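Nothing in this text is a laboratory measurement; each read-out follows from the coordinates by a stated rule. Since we're looking at a predicted model, the values are computed, not measured.
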Amino acid sequence: MNILVIGSAPDAVQVKNWDLSVFDQVIAINNAWQITDKWNQLIFPYDFPNENKPATVLAHQTIVTEEQFVLAQNFFGGFVYAGATMAFTAGYWSLATYKPSKICFLGCNMHYSQSGATHFYGTGKPDPLRKDISLTSLKACSYRMLILSKIHGCDVVSLSAGETNLHIPQTSFHALADY
């Protein structure tokens with residue numbers, strides 16, 4: 001099973017041009033549901049503003065809230081060890097729920113430029129800049145997710161290019177079949 005997790009970085013919009021049939025599940029994080037309607041699950045934190053949620057959910061779509069993802073996150077060590085940013089939460093929830101062979105991240109680089117757009121919709125609030133014990137090392141949280149996923153028989157890759165704070169192997173959508 002192959003999972004695609006879509007974040008809100010500017011490069012996430014390239015998913016519009018992809019044949020998503022290579023993925024068994026497409027998971028949108030926070031505002032990423034606005035990029036394409038081909039997502040299966042939308043995952044967001046408890047404090048995600050209601051005005052940012054979709055007005056309607058299609059028959060093939062479901063919402064994943066803390067009622068579902070906290071259990072998965074806790075199974076993998078809890079938010080302090082697993083990381084509180086939604087990219088890690090979506091990854092661990094996917095791993096626990098679907099037991100996939102591959103989780104692919106797009107638009108989850110968690111790299112916030114000091115100038116220009118930080119998200120596909122403009123400028124957003126970067127979680128990694130909050131003072132929170134669970135966000136002390138995105139690098140350590142990345143490596144931890146990579147290792148735990150591998151232990152569970154799952155490869156984790158980023159389909160985003162460029163600078164990243166999600167320290168996992170990078171490849172392209174077109175090279176994914178050969179990864």
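Points to keep in mind about this one:
- Residues whose amide H comes within less than 5 Å of that of T62, counting only those at least five positions distant or on another chain, are Q41, L42 (H built at 1.01 Å from N in the peptide plane).
- Rounded to whole numbers, the Karplus 3J(HN,Hα) couplings from phi for the range 63-68 are 9, 10, 10, 4, 4, 8 Hz, using 6.51 cos²θ - 1.76 cosθ + 1.60 with θ = phi - 60°, and x at Gly and Pro.
- In order through the range 13-18: 3J(HN,Hα) via Karplus (6.51 cos²θ - 1.76 cosθ + 1.60), integer Hz, x for Gly, Pro: 5, 5, 4, 4, 9, 9
- Note, ³J(HN,Hα) from phi for the range 30-41, Karplus 6.51, -1.76, 1.60, rounded to Hz, x at Gly and Pro: 6, 7, 5, 4, 6, 6, 8, 9, 8, 7, 9, 10
- Cα pair count fraction exceeding 20 Å, expressed as % - the range 1-73: 27 percent
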